[in-house]
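The values are calculated or read from the model by the stated rules, or taken from the named source; none is laboratory data. Just so it is clear, the model here is predicted, and its values are computed rather than measured. Here the Cβ is made from the backbone with ideal geometry for all residues, glycine too, and neighbour counts use every protein chain on show. Note: accessible area is taken over every heavy atom of the protein model, side chains too, but ligands, DNA and RNA are not part of it. Shrake-Rupley method; radii C 1.70, N 1.55, O 1.52, S 1.80 Å.
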Amino acid sequence: MASASRPNVLIFLCDQLRIDLLSCYQETLVRTPHITALVSDSCLFERAYTPCAICSPARASLLTGLYPHGHHMFNNSSPRYSYCQHIRPDVAMLQDWIDEETEYESAWFGKWHIGPAQDLFDSRFHNTHDEPYQGGPVFLGTTNWNNKTQIAPLVQSVGRGAAGTLDVKMEGFPDVAAARYMQNFLRTRDSTRPFFATCSFPGPHFPWMVPEEWGIRYDPADIEMWPNRYDTFEGKPVNQRKIRLLNEAQAGDLSADEQDRELKEMLACCFSYMELIDEMVGEVVATLKGLGLYEDTAIIFVADHGDMAGSHGLLNKGAYMYDETYRIPLLLKTPGAGGASRNSSFVHLMDVTATCLHLMTGSEQDSLSGRSLHGQSLLPLAEGVAEWPRTVHYAQFHGDWYGHYSARMVTDGRWKLVWNLTDLCELYDLENDPHELQNRFYDPGLEEVRAAYFKYLTAEAIRTDDAQLHLLLPQVEIEAQGTHGLRV
């Protein structure tokens, strides 16, 4: 049974959700009234980040409290191209610790993508969604639940099949199924024990498809194009221009105006998808309230990473470290719902891990099963009683099919430095260039700025024991540009 010292913990985990799809972060067409209602009882973190903007590494960081270089799931655990199918075997995850050290009942429903689906079924979660069975939904046997056209055929095809509506009932749609599993668990769980549970929505990850009965609920004509849609990539990493050119090649004979019109039509589907997820959040919260569990339950709403969604002319995510993919939404409702607040401290997914440990033990923890955490509890911030020592965010990219090369990023909200090991480096003046269009890394006169942020980068690498930075010699980055004319 939950109590003040042992509250229930419920995580809503979205996949690939950029913060500007939520009205609690900024004005948007997207209707998310249930998440907004949750904000009224929560602390909203304005500067939350992912450690790595691809699914599997970020999700593994959430359950281990470690940066990817600590848990070794460096890229997406997906068939045919993944080189990291599993996290390192000596690293514990939250469900392992819960099973060994607590009386909590644990549950995970929905998208997994921290290794094959079987890893979830074989894990120490006490409850998961069903394993695949004869006649059951096809997505139950997948790790990511994202391949929408494997569920049902398209009814309305948008973006040449990249978005649209599906011939499937609401109850057969993956995000609805995740919520239904969670609601059933809440109704049938062991009421003598507190619970730790995650409702892991596979959306609003691309492809942007919804059930036909839900429908496309937005007019593309009402959607404004992103301010940084038309990035020229002048003076930026070659890799980014190549990905943009690849996207244009896939567009075929469509003109620039036609591509923009198609993107707006696809975004109408994306916005509709997000509204469906908001409806599911509302239904799960209503179930909590109906069962009398809301007051005794801490609720965390978060995403693994964001989505380019056409910003910089790019879709999805990839080998670049723009805010559209690295900033994430993060809400924390503490037990008892103490009212709304906002916090501008630099926080990240591994702080969610530490927060869960704090909630379940009643005190702040600096390790999980003997391994030091890379984050710390958000409860003091949410309660407004503590200063926060972290003034920057440090992030990583280790490679995926978008590009197999290493990159590191550090930002304090004023400037952002991106160190690309095998490409041009980047420096963005976020105060005067919030859409990250102008790379200032090689500008004369910014030597002191570059030096300061390289120091931040190095300090964070040392703090988290990221050995990749042994290859970093800041002066080489400047000399390579000047000697070989790398700025193009």
* Structure fact -> Flagged as over-length at 31 Å C-alpha distance, from Lys264/Lys416; Lys148/Lys236; Lys111/Lys289; Lys289/Lys317, the pairs are Lys148/Lys236; Lys289/Lys317
* Structure fact -> For the pair Ser363 and Ala37, the simple spin-label estimate (label points 7 Å beyond Cα toward Cβ) gives in nm 3.9
* **Förster-model FRET efficiency, 45 Å R0, Asp119 and Arg342, C-beta, rounded to 0.05** => 0.75
* Using the charge dipole of the chain (Lys, Arg: +1 at Cβ; Asp, Glu: -1 at Cβ; taken about the Cα centre), state which of Leu154, Pro194, Asn432 has its Cα farthest towards the positive end. => Pro194
* Leaving ligands, DNA and RNA out of it, work out the accessible area of Cys84 with a 1.4 Å probe and give it in Å² to the nearest 10. => 10
* In Å², nearest 10: area of Thr102 left accessible to a 1.4 Å probe -> 30
* Asked: Size of the dipole of the chain about the Cα centre, Lys and Arg at +1 and Asp and Glu at -1 on the beta carbon, nothing else charged, in debye to 20?
  -> 440
* Any idea what Rg and Dmax come out to for region 1-89 if you just take the C-alpha atoms, in Å? -> 16.6, 47
* Using +1 at the Cβ of each Lys and Arg and -1 at the Cβ of each Asp and Glu in the chain, identify which of Gly290, Tyr405, Leu379 lies farthest towards the dipole's positive end. => Tyr405
* Structure fact -> Zone reached by a paramagnetic label modelled 7 Å from Ala386 Cα along Cα→Cβ, restricted to region 311-332 with backbone N below 20 Å, covers 330-332
* Asked: What list of ³J(HN,Hα) couplings, whole Hz, do you get for region 307-321 from phi and the Karplus terms 6.51, -1.76, 1.60, once you set θ to phi - 60° and write x for glycine and proline?
  -> 8, 5, 6, x, 4, 6, x, 10, 10, 6, 9, x, 7, 7, 10
* Give the Kirkwood hydrodynamic radius (Å, one decimal) of region 8-390, defined as one over the mean of 1/r across all pairs of different Cα atoms. => 21.2
* For a quick protection proxy, order the peptides 140-147, 386-393 by their average other-Cβ count within 10 Å, most packed first. => 140-147, 386-393
* Asked: With every protein chain in place, what's the accessible area of Arg463 (1.4 Å probe, Å², nearest 10)?
  -> 120
* Asked: Gap in Å between the Cα centre of region 290-369 and the Cα centre of region 49-86?
  -> 17
* To do: Could you order peptides 196-205, 69-78 by the average number of other Cβ atoms within 10 Å of their residues, highest first?
  => 196-205, 69-78
* Asked: In Å, what is the Rg of the alpha-carbon atoms in region 56-162, and how long is Dmax?
  -> 15.8, 51
* Asked: Over all distinct Cα pairs, what is the inverse of the mean 1/r for region 394-482, reported as the Kirkwood hydrodynamic radius in Å?
  -> 13.4
* Highest-first arrangement of 244-253, 227-236, 344-353, where packing means the average Cβ count within 10 Å -> 344-353, 227-236, 244-253
* Asked: Length gain on complete extension for the stretch Met225 to Arg414, per 0.36 nm per residue less the alpha carbon to alpha carbon distance?
  -> 65.6 nm
* To do: Can you tell me the relative contact order of the chain? Whole percent, Cα pairs under 8 Å, sequence separation 6 or more.
  => 24
